[in-house]
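Please treat every number below as a calculation from the coordinates, not as lab data. Keep in mind that this is a model prediction, so the values were computed, not measured. Cβ sites come from the backbone with ideal geometry, for glycine too, and all protein chains shown count toward neighbours.
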Amino acid sequence: MDLARILRHFATTSAHVRRAFPAAAMRSIEQAIAASEATHPGEIRFVVEGALDGVPLLRGQTARERAIELFARLHVWDTEHNTGVLIYVLLADRRVEIVADRGIHAKVDTGVWSAICRGMEDHFATGDFGRGATHGIDAITQLVARHFAPTPGNRNELPDAPLLL
């Protein structure tokens, strides 16, 4: 059990999340996702969680495990072209995880997803959360658009607004 991690999670409040991702940053993220999805049939979902609590924290749930759990719970896997992508930010750990559905994951190397996550984390380390988020969305847009052409009548299957947990 990592006591420092547990204390960090208990100390991370919703106020920390609002300071990192104020309303203007949230609007920028939503706009970036909407603009992205206009160029390809993929669906991007952006989720920020301040901290884990209770049993998941005490049993040592990682940011990756939580991202996979949310990928299923939010139905990011359930898009028409199997091109859903979840960007998950666990603020207390300063970790970013990307989980991609099988349609896009089969075409993109795992190392590429990791590089996007680390790039976002670099921005976050300097306190530039809004820019870090849009940087990641832009990188994902390029990947999805490279592998999947826009389709006529492409409908928006997942909300563009970021989700704060």
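Here the Karplus relation 6.51 cos²θ - 1.76 cosθ + 1.60, evaluated at θ = phi - 60°, turns the backbone of the range 88-93 into coupling constants of 10, 10, 10, 4, 4, 9 Hz, with x for every Gly and Pro. Mean-square fluctuations from a GNM of the chain, with a 10 angstrom spring cutoff on Cα atoms, peak among Pro22, Pro56, Pro150 at Pro56. Once you reduce the range 92-113 and the range 56-73 to the center of their Cα atoms, the two points are 15 Å from each other.
Footprinting exposure proxy ranking of Phe46, Phe124, Phe10, Phe71, fewest other C-beta atoms within 10 angstrom first, gives Phe10, Phe124, Phe71, Phe46.
Near the amide H of Arg45, within less than 5 Å, lie the amide hydrogens of Val85, Leu86, Ile87, all on another chain or at least 5 residues away, with H placed in the peptide plane. Subtracting the Cα-Cα distance of Leu3 and Ala38 from their residue separation scaled by 0.36 nm leaves 8.2 nm. In the chain, the longest principal axis of the Cα atoms and the axis of helix 129-147 are about 30 degrees apart. Any idea which of Ala4, Gln61, Gly42 is furthest toward the positive side of the dipole for the chain, if Lys and Arg beta-carbons carry +1 and Asp and Glu beta-carbons -1? Checking the options against the dipole of the chain, the answer is Ala4. Karplus-based coupling profile of the range 82-87, in residue order and whole Hz: 6, 10, x, 10, 9, 9, with θ = phi - 60° in 6.51 cos²θ - 1.76 cosθ + 1.60 and x standing for Gly or Pro. Label the range 1-62 by shape, choosing from rounded, prolate and oblate, from the square roots a ≥ b ≥ c of the eigenvalues of the Cα gyration tensor; if a/c is under 1.5 it is rounded, and otherwise prolate applies when a/b is larger than b/c, oblate when it is not. In terms of gyration-tensor shape, oblate.
The charge dipole of the chain, taken about its Cα centre with unit charges on the Cβ of Lys, Arg, Asp and Glu (plus for the first two, minus for the last two), comes to roughly 320 debye. Phi angles across the range 35-43 convert, under the Karplus curve 6.51 cos²θ - 1.76 cosθ + 1.60 with θ = phi - 60°, into 3J(HN,Hα) values of 5, 4, 5, 6, 9, 6, x, x, 10 Hz, Gly and Pro given as x. Database remark: amide H of Arg95 closer than 5 angstrom to the amide H of Leu90 (H placed geometrically; neighbours at sequence offset of 5 or more, or on other chains; Pro and chain starts carry no H). Summarising the overall dimensions of the range 35-165 from its C-alpha atoms, the Rg and Dmax are 14.3, 47 angstrom. In summary, the convex hull built on the alpha carbon positions of the range 90-142 has an orientation-averaged projected area of 3.6 nm². Which one of Arg131, Arg146, Arg66 has the biggest mean-square fluctuation once the chain is modelled by GNM with Cα springs under 10 Å? Maximum fluctuation in the GNM of the chain, among the listed residues, is at Arg146.
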